[in-house]
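Colleague: Before we start, here is the structure in question, set down as structure tokens.
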Amino acid sequence: MLDRRWLEMTWRDGLFAHWPVDPSSVAAALPDGLSVATHDGDAYLGVVSFVMDDVRPRGVPIGLSFPELNLRTYVEGPDGPGVYFHSLDADDRIGVAVARGLFRLPYYRAETDVRLTATDGGFDAVRFASRRVHEGAPHARFDATYGPAGEAFTPETGSLPAFLLENYRFYTAGSEGRLYVGEIDHERWTLRPAEAEIRANTLFAANGFDRPDGEPLLHYAEPLAVTADRIRRA
């Protein structure tokens, strides 16, 4: 981990669900200064659900833990490739306020229920149900049960899983139109193929996208320690 990172956390119980989409549909929703990143000609929209555990500034003994749900895409920016978040929903009033203020990210307050359930396959499945309750924000709901369904692997450089998950930079735009960048640091992901029953997902409509065709590419992520830096002007 890099010593200059000031925020520590662990990400766990994560599902990455990605749909290939036409790059033009993503480009129209990006702020000035960013362009669409593609893999074999496709852009991707990703719905990511997970738990942010023990989120705290370095040196603080006790942190916050809360579920998060985000809709994201992948971009090229002035500081290199990264993630652009269309929305982030979190079940923590303090965490949402801090993220909106310090990181200028489009966080929204949500009511979220996360439960681990035993399955016949011998692993725990995750039930993740989120409903946005942020005043003045478009309604958004996600309800799914998911879990690992294959052997663990580390994404190979240049592969589609690496393109989708091995990202260490995010961009966000302030209300004044300025572009900001933040960086994170962690070991490489340990992933498994995933299976998921998605009963409800209105994140695309809430962010002005048509629902993509076809089934998503699914990955389940093993727990991962993460550090993050403060944002700065891109």
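Colleague: For segment 15-28, what are the residues that are surrounded by 15 or more Cβ atoms within 10 Å (Cβ to Cβ) and either more than 17 Å from the chain's Cα centre (by Cα) or at positive phi (or both)?
Modeller: Result: VAL21, PRO23, SER25.
Colleague: Kindly evaluate ARG56 against the criterion of being among the basic types (Lys, Arg), in a strand (DSSP E or B) and farther than 21 Å from SER175 by Cα.
Modeller: Working: among the basic types (Lys, Arg): yes; in a strand (DSSP E or B): yes; farther than 21 Å from SER175 by Cα: yes.
Yes; evaluated as a whole, the condition is true for this residue.
Colleague: Taking only segment 97-115 into account, find how many residues are of a type outside the set (S, T, N, Q), at pLDDT 90 or above and either closer than 15 Å to PHE66 by Cβ or part of a strand (DSSP E or B) (or both). First the steps, then the outcome.
Modeller: Within segment 97-115, the subset of a type outside the set (S, T, N, Q) is 97-111, 113-115.
Filter once more, keeping what is at pLDDT 90 or above: 106-111, 113-115.
When the remaining residues are screened for being either closer than 15 Å to PHE66 by Cβ or part of a strand (DSSP E or B) (or both), the result is 107-111, 113-115.
Final tally of qualifying residues: 8.
Colleague: Name the residue that is modelled with the lowest pLDDT, counting only residues in segment 178-199 that are outside any strand (DSSP E or B) and surrounded by fewer than 19 Cβ atoms within 10 Å (Cβ to Cβ).
Modeller: Taking segment 178-199 and keeping what is outside any strand (DSSP E or B), we get 178, 187-190.
Now drop any that are not surrounded by fewer than 19 Cβ atoms within 10 Å (Cβ to Cβ), which leaves 178, 187-188, 190.
Working: ARG178: 90, GLU187: 95, ARG188: 96, THR190: 97.
So, considering only residues that are outside any strand (DSSP E or B) and surrounded by fewer than 19 Cβ atoms within 10 Å (Cβ to Cβ), the one modelled with the lowest pLDDT is ARG178.
Colleague: Now for a separate question. Quick check: anything in segment 153-165 aliphatic (A, V, I, L, M), part of a loop (DSSP other than H, G, I, E, B) and over 16 Å from the mean Cα position of the chain (by Cα)?
Modeller: no
Colleague: Another question, if that's okay. Any chance segment 71-88 includes a residue that's assigned to a strand (DSSP E or B), within 18 Å of ASP185 (Cβ to Cβ) and modelled with pLDDT under 90?
Modeller: Scanning segment 71-88 turns up no residue that is assigned to a strand (DSSP E or B), within 18 Å of ASP185 (Cβ to Cβ) and modelled with pLDDT under 90.
Colleague: To continue, here is another question. When you check GLY59 against the structure, is it surrounded by fewer than 16 Cβ atoms within 10 Å (Cβ to Cβ) and in contact with a Lys or Arg (Cβ under 9 Å, 6 or more places away or on another chain), yes or no?
Modeller: No.
The values are calculated or read from the model by the stated rules, or taken from the named source; none is laboratory data. Bear in mind that the values here come from a model prediction, so they are computed numbers and not experimental data. Neighbour counts are summed over all protein chains in view; Cβ atoms, including those assigned to glycine, are modelled from backbone coordinates with ideal geometry.
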